[in-house]
1. Per residue, how large is the accessible surface of segment 17-171? Use a 1.4 angstrom probe and give square angstrom.
2. Count charges around Gln150 for me, please; just the other residues with Cβ under 12 Å from its Cβ, Lys/Arg as +1, Asp/Glu as -1.
3. Using DSSP, restrict attention to beta bridges with both residues in the chain and report what percent are antiparallel, rounded to the nearest 5.
4. What is the percent carbon and sulfur in the accessible area of the chain, measuring with a 1.4 Å probe over the protein chains and ignoring ligands?
5. Amide H to amide H, which residues 5 or more places from Ile97 or on other chains are under 5 Å from it, using H placed in the peptide plane?
6. Quick test of the membrane-span-like rule: which DSSP H helices of the chain reach at least 24 Å along their long axis (C-alpha atoms) with mean Kyte hydropathy at least 0.0?
7. Projected area of segment 81-205, taken from the Cα convex hull and averaged over every viewing direction, in nm²?
8. Amide H to amide H, which residues 5 or more places from Lys202 or on other chains are under 5 Å from it, using H placed in the peptide plane?
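The values are calculated or read from the model by the stated rules, or taken from the named source; none is laboratory data. Since the model is a prediction, treat every value here as computed from it, not as a measurement. Quick reminder, even Gly has a Cβ in these numbers, built from the backbone with ideal geometry, and neighbours come from all protein chains shown. Heads up: the accessible areas ignore ligands, DNA and RNA and are worked out on the full protein's heavy atoms, side chains in. Shrake-Rupley method; radii C 1.70, N 1.55, O 1.52, S 1.80 Å.
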Amino acid sequence: MTNKYMYFIANWKMFGSLNSLKSLDKVIKFFKNFKKNTSNKIIYCPPSTLINPMFKKLKKTPIQVGAQNCHENQNYGAFTGSINTTMLKNAGAKYVIIGHSENRQDGETDKLINLKIKSALKAKLKVIFCIGETLIEKRNKKTNSIISKQIKAGLKNIKKKSNIFIAYEPVWAIGTGIVPKSDDLLKTIKFIKSKFKGKLPKVLYGGSVDPKNINNLKKINNIDGFLIGGASQSSKKFIDIVKKT
Ligand code: 13P
């Protein structure tokens, strides 16, 4: 890998309890002893209920905490059940995942994603902006046009993009154990970067990343890191992935 920093972002999705925070002890210990960790950035995105306890636990470590979603309104308001970006920041989050396909499938539109990204940037959160095509779109050779559309709409009227990371997560690779062919992935990441002028964004890959396939994935030299779902819930697997990269 030629990148200066590799990002490893754990997306716990709707898993984890206060008890699961104990499992981070292993990860903290590993990063204390792992000299190479200076070239890696580790971010944990637990469910909202665990953001603050996790932040407190990781405070004296280089590991940072992020959220998995946010409301589009940065101000406080009568939005029952929602959490805004100001609240996430206040709880200790430095990052927020926006546009995950699991939320897109639940009706989250490109327009809403755009508002959420704007709100997150205003609150000084870094954004992990997820894009990716479905299996049907891939079969119809629409990958590039879909991700172009998602980037264009999601980042509409956003000039300063330095705090935005792109996470390419093909929907068909999430939770399926299937990862894209190396050549295809290399081309898609290149295509994503070609959509930006000036300083290129960090582009991460997500979808079934695990200790078995990381040896192949790490060879794709334009990837800046990984967004890891299932495997990130096991400290052992997560450490393994980092170790091998
Ligand atoms: P899996 O690693 O479980 O496939 O999930 C990927 C993902 O959705 C990360 O955001």
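1. Here the residues of segment 17-171 average 54 Å² of exposed surface.
2. +2
3. 0 percent
4. Percent of accessible area from carbon and sulfur atoms in the chain: 54.
5. Ala67, Gln68, Asn69, Ile128
6. The qualifying helices: there are none.
7. 8.2 nm²
8. For Lys202, the qualifying residues are Ile166.
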